[in-house]
2 protein chains.
Amino acid sequence: MTNELQNDLLIRACRRQNVERTPVWIMRQAGRYLPEYRAIREKNDFLTMCRTPELAAEITLQPVDIIGVDAAIIFSDILVVPEAMGMSLQFHEGRGPVFEHPLRTQADFDALQRVDIATELGYVLDALGLVRKALSGRVPLIGFAGAPWTLAAYMVEGQGSRNFVEIKKVMYCAPKMLTRLLDQLSNAVADYLIAQAAAGAQVLQVFDSWAGMLTPAHFHEFSLPYLKKIVEKVKPTGVPIIVFARDAGHSFQALADIGADVLSVSWEEDLATARMAVQGKVALQGNVDPCVLFSNPEIIRKEVVRCLQVFGGEPGHVFNLGHGILPQTPVANARAFVDAVKEESRRTRTLLEKQSN
Amino acid sequence: MTNELQNDLLIRACRRQNVERTPVWIMRQAGRYLPEYRAIREKNDFLTMCRTPELAAEITLQPVDIIGVDAAIIFSDILVVPEAMGMSLQFHEGRGPVFEHPLRTQADFDALQRVDIATELGYVLDALGLVRKALSGRVPLIGFAGAPWTLAAYMVEGQGSRNFVEIKKVMYCAPKMLTRLLDQLSNAVADYLIAQAAAGAQVLQVFDSWAGMLTPAHFHEFSLPYLKKIVEKVKPTGVPIIVFARDAGHSFQALADIGADVLSVSWEEDLATARMAVQGKVALQGNVDPCVLFSNPEIIRKEVVRCLQVFGGEPGHVFNLGHGILPQTPVANARAFVDAVKEESRRTRTLLEKQSN
């Protein structure tokens, strides 16, 4: 399938193969900073946008055309999996997605249903198909899912949280109830990612957005094993897998051994340190501070160069921000960021080739 | 002055001297989780409590009596320094302290005044005196201040922030304006800490609560040098200095060299890793997850033991949470935490002594 790709830079970078220049995409690139996105959002609520394949496909394609990224990522939300397990999901303006009835009792946990991906999440698979068709090989398409720990945290808290007291209570007082949920989620997420690959996703990313809410010891107990389980199940699809365990830099070494192709590095981490820790076992993605995009093209280029220098033209780097692009980001700066990566990384490669000739 | 102390465990632990058991105190121990605090808070607004020496002293003493910690920490707020520089501070319920007119223009920056500690912050010094008298040597008294980076972030944002876009704009686009402010703040904070020592503080802590909002490279540029400057200026007082650079675990090695006596370790970091990084140059403080206090005394004791084991009875450990105690924490659990540290650390020491005899 990837043979038809006109731009397969991302695929090759994920596999640590040589590339003419570093591929670049942006987490949340199909989002609120784009006026074209906001125009659709004005007429539809967030969950309708996720659930309507035509809308999701249109939004997914926007940044490919507008800012020139080297990949599309399907427009969706990580919480569609718990929703498919029977949890009612609402979207509250300003608060983001909220579960009306968070998991609090044993009965709540027991009521969760096994997910039938094709029927419950068919709308995402349909959107992937539409995007693949529309892209017709211009750039690869990324599918994604939330990591078990992050999903469990949302399901118990009911929404984003500052201190995650509720999920921590479960973790400390009823760890078996939590690990059973994490097992359930691992299976559902793995099945979902496999289905996305079958539906056309050419790269897969697992978002463990709340990995940083665990102590390092608890990360090893309640997140890492489940990430590993998912990667092992999805690996046979042959689709490259990116794992983003946000703020879990303490565990890069361990993360490099779970079988993922790429680790995404938060902006709070030092990319050179991450590179040393993973010892060439995986490619790295990242990791410019999203706030750089509030400066100007000149400063953006400087930060891009600083980040590129960590790899010095060597393979195994997927350029990205170290976290999602912020809603107030000027579009021109997002474009300047993408352009700077393309130009500067090509320049570095050309210099390297001249030196080796 | 410290000679009169009946309990000087904290002082000795800060200096990495032998102790019979590990001293313990809790960040935000004089705070909302205590009904006795809430009783005072109901009748007074937060800033009045800070500014009235009798109230501040009373609140400071509460946790010494109620939960039995090995130190008192003066009740105050890190934002009193920018306030003394001329910024109007308000306290909004639910949002915490807010600067009405955050620094945005060159003129805003230029308008900041040099602080005369004795006149502007005399109320804190008076409170320290009252507490010292009331304690009459029972436990040492800790003074504190905010770190320049964290204060600058608050002054530019105007309040706590999720992404710190405004201060980052200044950092990227006008770094000289920022470093000038950081210099000003370093001087004011150092003077303030020296004055606190003179007024009776027996240990000093610098809170860089937003250190984790900087990339590692920017932490080295915009936080570390200013922390170092403060420590160098305050060092001659002879009062032990604790530096809490929250979520800056990437820089433990560098932080161990700025001259501080103790580094406080966030709960998100691995204490054993921190210990290896600092190579015995400083004592370490921390680092139990504040959410553990929502479990029960048995689980709390298990986590306390896990944390104590990193030091295995060796000196240089100040027990604490890895961040401030949360407002909804049950008081009984805070007490169970303090008791567990006292009992378990004494037990470890006794075992060690038996082994060496």
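What number does the protein assembly as shown give for Rg over Rh if you use C-alpha atoms and the Kirkwood radius? Spell out each step's value before the answer.
Numbers: Rg = 26.4 Å, Rh = 26.9 Å.
Checking Rg against Rh, the ratio lands at 0.98.
Taking a point 7 Å out from Cα toward Cβ as the label site, list the nm distances between A:S88 and the same residue in every other copy, smallest first.
Distances between equivalent label points, in nm: 4.6.
Measuring from a point 7 Å out along Cα→Cβ, what nm distances, shortest first, does B:E353 have to its partners in the other copies?
In ascending order, 7.3 nm.
Could you let me know the centre-to-centre spacing of region A:134-210 and region B:15-81, using Cα atoms, in angstrom?
A separation of 40 Å, based on Cα centres.
Determine the alpha carbon to alpha carbon distance for each of A:K302/A:K354; B:K43/B:K133; A:K168/A:K342; A:K302/B:K281 and list only those over 31 Å. Spell out each step's value before the answer.
Working: A:K302/A:K354 23 Å; B:K43/B:K133 25 Å; A:K168/A:K342 43 Å; A:K302/B:K281 36 Å.
Going by Cα-Cα distance, A:K168/A:K342; A:K302/B:K281 fall outside the 31 Å limit.
What are the residues whose amide H is under 5 Å from the amide H of B:W25, where those residues sit 5 or more places off or on another chain and H is modelled from the backbone?
B:D70, B:F319
Through the Karplus equation 6.51 cos²θ - 1.76 cosθ + 1.60, θ set to phi - 60°, convert the phi angles of region B:70-76 into ³J(HN,Hα) values in whole Hz; use x for Gly and Pro.
8, 7, 9, 10, 4, 6, 6
Along Cα-to-Cβ, 7 Å out, sits the label point; list in nm, shortest first, how far the one on A:P315 is from those in the other copies.
Output for A:P315: 5.6 nm, nearest copy listed first.
What is the ratio of the Cα radius of gyration of region A:161-262 to 2.2 N^0.38 Å, with N the residue count, to two decimals? Before the final figure, lay out the partial values.
Working: Rg = 13.9 Å, N = 102, 2.2 N^0.38 = 12.8 Å.
Dividing the Cα radius of gyration by 2.2 N^0.38 Å gives 1.09.
Can you tell me the mean projection area, over all orientations, of the convex hull of region B:240-302's alpha carbons? Units nm², please.
Working: hull surface 18.2 nm².
Average projection, Cα convex hull of region B:240-302: 4.6 nm².
I'd like to know how region B:30-128 sits against the 2.2 N^0.38 Å rule of thumb: what's its Cα Rg over that expected value?
Values: Rg = 15.2 Å, N = 99, 2.2 N^0.38 = 12.6 Å.
Cα-based Rg divided by the globular estimate yields 1.21.
Amide H of B:A245 versus every other amide H placed in the peptide plane: which residues, excluding those fewer than 5 positions away on the same chain, fall under 5 Å?
B:D208, B:S264
Which residue, A:V310, A:V81, A:V239, has the most motion in a Gaussian network model of chain A that connects Cα atoms within less than 10 Å?
Sorting by GNM fluctuation, first place goes to A:V310.
For region A:223-339, what's the radius of gyration and Dmax over Cα atoms, in angstrom?
14.9, 44
May I ask which residue of B:A248, B:H101, B:L185 lies farthest towards the positive end of the charge dipole of region B:2-356, with charges of +1 (Lys, Arg) and -1 (Asp, Glu) on Cβ and the Cα centre as origin?
The residue sitting farthest along the positive end of the dipole is B:A248.
Quick check on the exposure proxy: order A:D45, B:D339, B:D191, B:D70 from fewest to most C-beta atoms within 10 angstrom. The partial results should precede the final answer.
Details: A:D45 12, B:D339 17, B:D191 21, B:D70 25.
Listed from fewest to most nearby Cβ atoms, that is A:D45, B:D339, B:D191, B:D70.
In whole angstrom, and with the biggest value first, how far do the Cα coordinates of chain B range along each principal axis?
Projected onto the principal axes, the Cα atoms of chain B cover 67, 45, 39 Å.
For region B:65-105, run through the GluC sites (Glu not before Pro) and keep only the ones in DSSP coil with at most 11 other Cβ atoms within 10 Å of their Cβ.
Those that pass, being in a loop and sparsely packed, are B:E93, B:E100.
Only the coordinates and a few stated rules stand behind these numbers; no lab work does. Owing to the predicted nature of the structure, the values given are computational and were not obtained by experimental measurement. A quick note on method: Cβ atoms are made from the backbone with ideal geometry, for glycine too, and the neighbour counts reach across all protein chains shown.
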